[in-house]
1. For the range 28-64, how many residues are within 18 Å of Thr115 (Cβ to Cβ), open to solvent by less than 10 Å² (accessible area, probe 1.4 Å) and of a type in the set (Val, Ile, Thr)?
2. Can you report the number of residues in the range 335-377 which are open to solvent by 70 Å² or more (accessible area, probe 1.4 Å), over 39 Å from the mean Cα position of the chain (by Cα) and touching a residue at least 40 places away in the same chain (Cβ under 8 Å)?
3. Going by what's in this entry, would Arg314 be described as modelled with pLDDT under 95 and among the basic types (Lys, Arg)?
4. Looking at (1) open to solvent by less than 60 Å² (accessible area, probe 1.4 Å); (2) touching a residue at least 60 places away in the same chain (Cβ under 8 Å); (3) over 15 Å from Leu336 (Cβ atoms), can you tell me which one Leu410 breaks?
5. For a quick check of your reading: which helices (runs of 4 or more DSSP H) sit entirely within the range 125-234 and have at least 3 residues that are of a type in the set (Ser, Thr, Tyr)?
6. With (1) in contact with a Pro (Cβ under 6 Å, 6 or more places away or on another chain); (2) open to solvent by less than 20 Å² (accessible area, probe 1.4 Å) as the list, and Gly196 as the residue in question, which single condition is left unmet?
7. From the residues in the range 292-334 that are in contact with a Ser or Thr (Cβ under 8 Å, 6 or more places away or on another chain) and not basic (Lys, Arg), which one is most open to solvent (accessible area, probe 1.4 Å)?
8. Looking for whichever is within 18 Å of Ile343 (Cα to Cα) and of a type in the set (Lys, Arg) here; the options are Lys214, Lys250. Which one fits?
Amino acid sequence: MNSFIEELKWRGLFSDMMPGTDEQLNKEMTTAYIGFDPTADSLHIGSLIQIKILAHFQQHGHKPIALVGGATGMIGDPSGKSAERNLLDEETLLHYVDCLKNQLSRFLNFEGNETNNAELVNNYDWMKQISFLDFAKNVGKNITVNYMMAKDSVKKRLSGEAGVDGMSFTEFTYQLIQGYDFLHLYQNNGVKLQMGGSDQWGNITTGTELIRRKAQGTAFALTVPLITKADGSKFGKSESGENYWLDKKKTSPYKFYQFWLNATDSDAERFIKFYTFLGKEEIENLIEEHQTAPHERKLQKKLAEEVTVWVHGREEYERAVKASEILFGRSTAEDLVSLDEEIFLEIFDGVPQKEIQKADVLGVNILDLLSEKSGFLKSKSEATRELKGNAISINKEKVNEVYTANETDLIDGKFLLLQKGKKNYFIIKVI
């Protein structure tokens, strides 16, 4: 078996391929592409598998092409969708394309003189030149309506299985346009293989059929499974339905790190194979160690480290670890004070806050600060009782009745963290 396909299989990242794909990969350096949809100004962790497939492909000596769908993004892929996408205006779409190009360039090797350097392409560059009549004549006549209707993505939408009846002509043509991308890249870039999620099988094989009929050529398809959590729920979204983005401005490295750290044991065993580049023996040893002492969460920690470093770099990973240690009490007040506002507020997301004038915080008696000034505790008598019981912390350090806050205690120059017991927090924001 081809080494690239073998790697995908042991990692659980193989779904299907056309006959002859492994022979093609064994025969010569092969050029393959995967398409990325520009539906936002950042990719999210749902795209990491596709990125990783291209990275593995390059590591095995083949040439990867990342296609950003500037043209197909104007239509929307109906595969697996229950409703038609809202169309974007051209200016917004091209901005998204530029953002995705910059992002993808971090994950693949585009530099140097190697013959298998990665490439980035945008299908809008060739589709914008083609008139509807030319497309109908040169592409449409090569694929029958019967062939297109037989695709699962079409059948489900037309039968109402996908949750909506019908399908616009615009979406119906999507597989033809994606098929034409494959033909164009076959003829102009030497691409012989398209890869993608298992829901893309119909679109990809339309491309191989178009290449056979239009160019009398042979091309191949390979798909990977769609990733879900072990319980079958959707992967890559928070409980509130938010995406975890690869752009740190949209999802902080701390929150990104926490996502992987909080994986269940069964998910961590799968994800360490899917999302890291660790070898088979190292992963098997990690899983064995984890099963021996699951409470140490070695698997989750290694998974979170590898993926966070890959996406955000070592420095951001180390900051995320420090932030996590602060949350769980394994840190000093100096660590807490050194945090910037963004990470501090993410760590203590949902904690009650109150804005207080600086004069009512700095140098003020701790009893007044805990009660009248902040309202954290109901009264001075409660504050006295809790302080005597050693239950009050300021910035994660225990304090007594003689404590007064000063300028150097302020986190990022503006916050003070009050705490009663282990889990009762309150934030003062100095204004």
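The values are calculated or read from the model by the stated rules, or taken from the named source; none is laboratory data. The structure presented is a predicted model; accordingly, all values stated were derived computationally and were not measured. We place every Cβ from the backbone using ideal geometry, glycine too, and count neighbours over all the protein chains shown. Side chains included, ligands, DNA and RNA excluded: accessible areas come from the protein's heavy atoms. Shrake-Rupley method; radii C 1.70, N 1.55, O 1.52, S 1.80 Å.
1. So the count comes out to 1.
2. Qualifying residue count, the range 335-377: 2.
3. It is false that Arg314 is modelled with pLDDT under 95 and among the basic types (Lys, Arg).
4. (3)
5. Details: elements: 132-138, 145-149, 152-159, 169-172, 174-189, 201-215.
So the answer is 174-189, 201-215.
6. For Gly196, the failing item is (1).
7. Here the residue is Glu325.
8. Sole residue among the options that is within 18 Å of Ile343 (Cα to Cα) and of a type in the set (Lys, Arg): Lys250.
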